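This report concerns only the one structure given below.
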Amino acid sequence: MAGFFYGETMIDSNKAIRDYLVTQTGLTDLVSTRIYNPSLKKGYTLPAIAYSIRGGDSDEYIPGIIGPSFQFRCYDDDPIDARAVYRALYDALQGIQNITVGSYKILSSREEVQGQDLIDPDVPHLYYVLTFFSIMLR
């Protein structure tokens, strides 16, 4: 479980982000609840999103606030459709502020790297858009 302890409470960054994303109808209209961490599930259905934490930071002077960097892969079997999933993800995350998700708060979110159109080298005809977001949580 990726997270950070604040007092006796651990921020589960992966859960907080998924819990937020499954409430975003512009995104779930495309992928339903197929938002996976850290990778697509065996026997996956497309379109789908896979995400994972790739690092980030925390501030020793402001306990309880962390800034993980998330990698998102927006999948579909057509590159244009994969980009549509990316656009919906972008709309759901870019610039949000002070969003309460259960016991967590997303303080801010910003895209670090614009979406890159890629093809999975192990699965022919599996297209995805790769992007990175810095998301501050408390």
For residue 126, residues with placed amide H under 5 Å, excluding near neighbours
120
Antiparallel as a % of all DSSP beta bridges within the chain, to the nearest 5?
95 percent
What does the net charge come to around residue 74 if you take all other residues with beta carbon closer than 13 Å to its beta carbon, with K and R at +1 and D and E at -1?
-4
Treat each spin label as a single point 7 Å out from the Cα along the C-beta direction, and report the residue 117 to residue 23 distance in nm.
3.4 nm
Length-normalised contact order for the chain - Cα pairs under 8 Å, 6+ apart - percent:
22 percent
In a Gaussian network model over the chain where Cα atoms closer than 10 Å are linked, find which of 128, 36, 61 has the largest mean-square fluctuation.
61
Two-site label geometry, residue 32 and residue 81: point separation in nm, points 7 Å out along Cα→Cβ:
1.3 nm
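Taken together, the values in this text are just the output of simple stated rules run on the coordinates, not laboratory data. The structure presented is a predicted model; accordingly, all values stated were derived computationally and were not measured. Quick reminder, even Gly has a Cβ in these numbers, built from the backbone with ideal geometry, and neighbours come from all protein chains shown.
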